[in-house]
1. Taking residue 162, is it free of Cβ contacts under 8 Å to residues at least 24 places away in the same chain and buried (at least 16 other Cβ atoms within 10 Å of the Cβ)?
2. Residues that are free of Cβ contacts under 8 Å to residues at least 12 places away in the same chain, surrounded by 13 or more Cβ atoms within 10 Å (Cβ to Cβ) and more than 22 Å from residue 29 (Cβ to Cβ): does the stretch 166-175 have at least one?
3. As an exercise: evaluate residue 122 against (1) within 18 Å of residue 3 (Cα to Cα); (2) surrounded by 12 or more Cβ atoms within 10 Å (Cβ to Cβ); (3) in contact with a strand residue (DSSP E or B) (Cβ under 8 Å, 6 or more places away or on another chain); (4) without any contact (Cβ under 8 Å) to a residue 60 or more places away in the chain and give the number of the one condition it does not meet.
4. Out of everything in the stretch 131-148 that is assigned to a strand (DSSP E or B) and touching a residue at least 24 places away in the same chain (Cβ under 8 Å), what residue ends up being surrounded by the fewest Cβ atoms within 10 Å (Cβ to Cβ)?
5. Under 6 Å between Cβ atoms, at least 6 apart or on separate chains: pull out the pairs that start in the stretch 80-95 with a residue that is without any contact (Cβ under 8 Å) to a residue 40 or more places away in the chain and end on any residue that is exposed (fewer than 15 other Cβ atoms within 10 Å of the Cβ) and outside any strand (DSSP E or B).
6. So, in the stretch 190-224, exactly how many residues are exposed (fewer than 15 other Cβ atoms within 10 Å of the Cβ) and either assigned to a helix (DSSP H, G or I) or touching a helix residue (DSSP H, G or I) at 6+ places or on another chain (Cβ under 9 Å) (or both)?
7. Which one of these does residue 187 not meet: (1) surrounded by fewer than 18 Cβ atoms within 10 Å (Cβ to Cβ); (2) farther than 29 Å from residue 86 by Cβ?
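Here, each number is a calculation from the coordinates, and none is a lab measurement. Worth saying up front: this structure is predicted, and the values here are computed from it rather than measured. Positions of Cβ are generated from backbone atoms using ideal geometry, with glycine treated the same way; all protein chains shown enter the neighbour counts.
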């Protein structure tokens with residue numbers, strides 16, 4: 001089931017998107033950011049490049065990710081104020097991505113091969129809709145999560161929401177995938193909401209534009225593009 005859900009959002013080859021990220025603190029105050037996201041599919045793992053466009057104090061901050069199936073992902077952060085590239089250690093992948101509730105781990109690809117599925121999915125009904133309840137355990141020993149529950153609708157086989165648990169087994173985050181759009185037979189989620197139930201903070205990522213099969217190659221995701 002996890003494989004089928006992943007295949008539903010695969011086949012875009014490469015993409016260029018403009019997004020808005022809204023950070024909301026426990027008091028409800030909001031902070032708005034604009035990003036460009038480029039992605040490239042690969043047999044051994046996807047690649048992505050996130051570039052901040054707004055606000056000015058974050059402009060040109062970049063995160064480059066190389067997914068490594070069966071091994072530690074490689075991630076680099078470019079900080080323009082310091083004019084240097086910082087390698088994100090695998091031990092720090094659970095850390096907050098630029099003050100948001102998305103961790104570096106959340107930002108990287110969610111390939112089904114990076115998880116263990118200890119039991120078969122069961123079907124549950126919520127608000128009159130049937131979902132496959134999928135339990136997955138991260139293979140990466142440095143993951144910030146002990147387990148994740150992902151709920152995939154039985155009609156279109158798309159992940160709709162999930163619950164992520166910390167290393168102590170306590171519920172840490174709730175995630176929602178909304179506004180799926182079918183582009184050239186590929187499903188694209190255009191809104192992701194993640195809420196940290198332990199600190200009551202929330203981050204939302206909304207797609208303003210989205211182009212797939214954008215003609216990008218590996219050279220567009222080399223460390224050189226960071227500077």
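1. Yes: the conditions hold for residue 162.
2. no
3. (2)
4. 138
5. Final answer for the pair search is 80/60.
6. Qualifying residue count, the stretch 190-224: 4.
7. The failed condition is (1).
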